[in-house]
Amino acid sequence: MLLIKEGRVIDPESGRDGPGSIVVADGKVADFLPGGEAPGMFDGTVIDAAGKWVLPGLIDMHVHLRDPGFEWKEDIRTGTAAAASGGFASVVCMANTNPVNDHPEVTRYIREKAASQGTANVFPVAAVTRGLEGKEMTDFAELQEAGAVAFSDDGRPVRSALILRRALEYAKAFDLLLMEHAEDHELSEGGAANEGWTAHRLGIPPIPSAAEEVAIARDILLARLTGGRIHIQHVSTKMGVDLLRMGKRAGVRVTGETAPHYFTLTDAAIEGYNTHAKMNPPLRGEEDRMAILEGIVDGTIDVIASDHAPHDEYTKRCEFIAASNGIIGLETALPLSMALLAGGKVTPARLVELMSAAPARILGLKEKGSLRKGADADITIVDPETEWEFGESDVRSKSRNTPFFGWKMRGRAVAVLCRGRITHSLLKGVAPVA
């Protein structure tokens, strides 16, 4: 048994936000003790959470673990270690591996390796189409039975509107979620940075915002036509937020996510041809950044996800146009998101909703995202006041592609429990379980 004693318990599902203690037994939340109430004699591990936040384990619903096939960039062991270090008890991994996760054997491989080597729960996302080629749909029912929690050709959109329509209709029969990388390749082809003054001045081929927005509009309209569920990944533009808002108001079964870099940085970060700020969709302008923040505040954006995309130095230390897209994000997502709390427009409870409760609800992970009695004991303990500087020594990933080295951060996960097992700890006297 384990007792997390006298922290600020923030659990949006139950409406709790106040002092209390959590009792953990057999990998489950066994009890909640309000206020200063605590058992007189306790036979087990005690974690003193005074001055800390006690949250349902954070869930990152957009992660690239690169395993199988690209293990020199990341693998399940290092990716989940990075996740736990960043405060995540669960990660949802994309299908663009090698081989692609378009077959039950690949799904089972990911689950089995995560069970033996992982320090976080790993939920695989399977491909919508075979080989991510956009031509032939995968067998959703078979992949779901193997353990897939959603479907996405992430890294690529489903280019054919007809195939996406059929996929939404097929998924609806099983109440499955499609997660869509919204990009019109005919508009974005050859581009490497946001269409704007910075790209123009640096001579970098541009990608217009419309490349994302046209695809979001199509995806929402197809979800409306079919009644299927669609989740728009890494929204980065003002109009993208507006389209998501309009879709929700029209009753479409659509949800959306953004990533911390889209509300923290703008395309000014690519100055000096900084490939560590190159991603897809690209960093946008200040107006877009402010619209993302507004969408977080008003509830239009449902989830903050890292889009953790590890790359080796070779594919980043090259000319900007040729460099790979993406940054690592598992270890910076939480502190960058906690910066939203300044000014009070985003509350701690809203932050937990964005990074735990909402991902669990959208993905149908019924035992996650909550601290209710009987839920899985996935718990993140955060010190909201600690100040620290993010450096290479903080990285557990195999890759180092980030623009955030040297940034001063405030707020940090100091302990993580995954089904009752301590997988990360910075607390004195509390060691992770091997």
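Laboratory data are not the source of any read-out in this text; all were calculated from the coordinates shown. Note that the coordinates shown come from a computational prediction; the quantities given were computed from them, not determined experimentally. All Cβ positions, glycine included, derive from the backbone under ideal geometry; neighbour counts span all protein chains shown.
Remark: the Met290-Asp31 segment gains 89.2 nm on full extension, using 0.36 nm per residue and subtracting the alpha carbon distance.
Under 5 Å from the amide H of Arg400 lie the amide H atoms of His311, each residue being 5 or more positions distant or on a separate chain, with H modelled from the backbone and absent for Pro and chain starts. The H on the amide N of Val414, modeled in the peptide plane, is under 5 Å from the matching H of Ile381, Val382, Asp383, each at least 5 residues off or on a different chain.
Relative to the dominant Cα principal axis of the chain, helix 238-249 is inclined by about 70°. Residues Phe42, Phe174 in ascending order of nearby Cβ atoms (within 10 Å, fewest first): Phe174, Phe42. Among the GluC sites (Glu not before Pro) found in the range 270-328, those both in a DSSP coil and sparsely packed, with 15 or fewer other Cβ atoms within 10 Å of their Cβ, are Glu271, Glu319. Computed from Cα atoms, the angle from the helix 161-173 axis to the main principal axis of the chain rounds to 30 degrees.
Scalar couplings 3J(HN,Hα) for the range 105-113, obtained by applying the Karplus form with A = 6.51, B = -1.76, C = 1.60 to θ = phi - 60°, are 5, 5, 4, 5, 4, 4, 5, 5, 5 Hz; x denotes Gly and Pro.
So for the range 70-224, Kirkwood radius off the Cα pairs, Stokes-Einstein at 10 °C and 1.306 mPa s: how many µm² s⁻¹?
On the way: Rh = 16.9 Å.
For these conditions, the coefficient is 94 µm²/s.
Residues within the reach of a label modelled at Ala250 (point 7 angstrom out along Cα to beta-carbon, backbone nitrogen below 16 Å), restricted to the range 146-167, are 165. If you plug the beta carbon distance of Thr347 and Ser116 into 1/(1 + (r/R0)^6) with R0 = 35 Å, you get a FRET efficiency near 0.35.
Couplings 3J(HN,Hα) of the range 133-148, computed from phi: 8, x, 10, 10, 5, 7, 8, 4, 5, 5, 5, 4, 4, 6, x, 5 Hz, in residue order, whole Hz [Karplus 6.51 cos²θ - 1.76 cosθ + 1.60, θ = phi - 60°; x for Gly and Pro]. Which listed residue (Gly272, Ile296, Ala146) has the Cα farthest towards the positive end of the charge dipole for the range 57-363, taking +1 on Lys and Arg C-beta and -1 on Asp and Glu C-beta about the Cα centre? Of Gly272, Ile296, Ala146, it is Ile296. Here's how it looks for Leu177: its modeled amide H is under 5 Å from those of Phe151, which are all 5 or more places away or on a different chain.
The simple spin-label model puts a point 7 Å past each Cα toward its Cβ; for Glu313 and Glu385 those points are separated by 4.0 nm. Computed on the chain, with alpha-carbon pairs under 8 angstrom and 6+ residues apart, the relative contact order is 19 percent.
Rounded to whole Å and ordered largest first, report the semi-axes of the equivalent ellipsoid of the range 196-268 derived from its Cα gyration tensor (root of 5λ). Mind dumping the intermediate values first?
On the way: eigenvalues 151, 33, 15 Å².
Taking √(5λ) for each eigenvalue gives 27, 13, 9 Å, largest first.
What is the magnitude of the charge dipole of the range 57-363 about its Cα centre, with +1 placed on the Cβ of each Lys and Arg, -1 on the Cβ of each Asp and Glu, and no other charges, expressed in debye to the nearest 20? Could the numbers behind the result be given before it?
Values: 30 positive and 42 negative charges, 120 e Å.
Dipole magnitude for the range 57-363 comes out near 580 debye.
Its Kirkwood hydrodynamic radius, worked out from the mean inverse distance over all distinct Cα pairs, puts the range 289-384 at 15.6 Å. When each of the peptides 339-351, 83-95, 414-426, 175-187 is scored by the mean number of other C-beta atoms lying within 10 Å of its residues, the order from highest to lowest reads 83-95, 414-426, 175-187, 339-351.
Does the range 57-363 come out rounded, prolate or oblate, given a ≥ b ≥ c as the square roots of the eigenvalues of its C-alpha gyration tensor, rounded meaning a/c under 1.5 and, failing that, prolate meaning a/b above b/c? Judged from the Cα gyration tensor, the range 57-363 comes out rounded (a/c under 1.5). Here the contact order of the range 356-434, divided by its residue count and restricted to Cα pairs under 8 Å and six or more residues apart, works out to 26 percent.
In the chain, the longest principal axis of the Cα atoms and the axis of helix 76-86 are about 70 degrees apart. Peptide packing: for 211-220, 56-65, 135-144, the average count of neighbouring Cβ atoms within 10 Å per residue gives the ranking 56-65, 211-220, 135-144, highest mean first. Computed from the Cβ-Cβ distance with R0 of 41 Å, the FRET efficiency linking Glu71 to Asp43 stands at 0.45. The packing ranking of peptides 355-367, 189-201, highest mean first, is 355-367, 189-201, where packing means the average number of other beta carbon atoms within 10 angstrom of each residue.
The stretch between Asp139 and Arg166 holds 8.5 nm of extra length on full extension. This uses 0.36 nm per residue minus the Cα-Cα distance.
Over 18 Å between Cα atoms: which of Lys278/Lys345; Lys345/Lys408; Lys28/Lys373; Lys248/Lys366; Lys113/Lys368; Lys28/Lys368 fall into that group? Distance filter (> 18 Å) returns Lys278/Lys345; Lys345/Lys408; Lys248/Lys366; Lys113/Lys368. 3J(HN,Hα) couplings calculated from phi for the range 323-330 with the Karplus curve 6.51 cos²θ - 1.76 cosθ + 1.60 (θ = phi - 60°) are, in sequence order, 5, 5, 8, x, 9, 6, x, 5 Hz; Gly and Pro show x.
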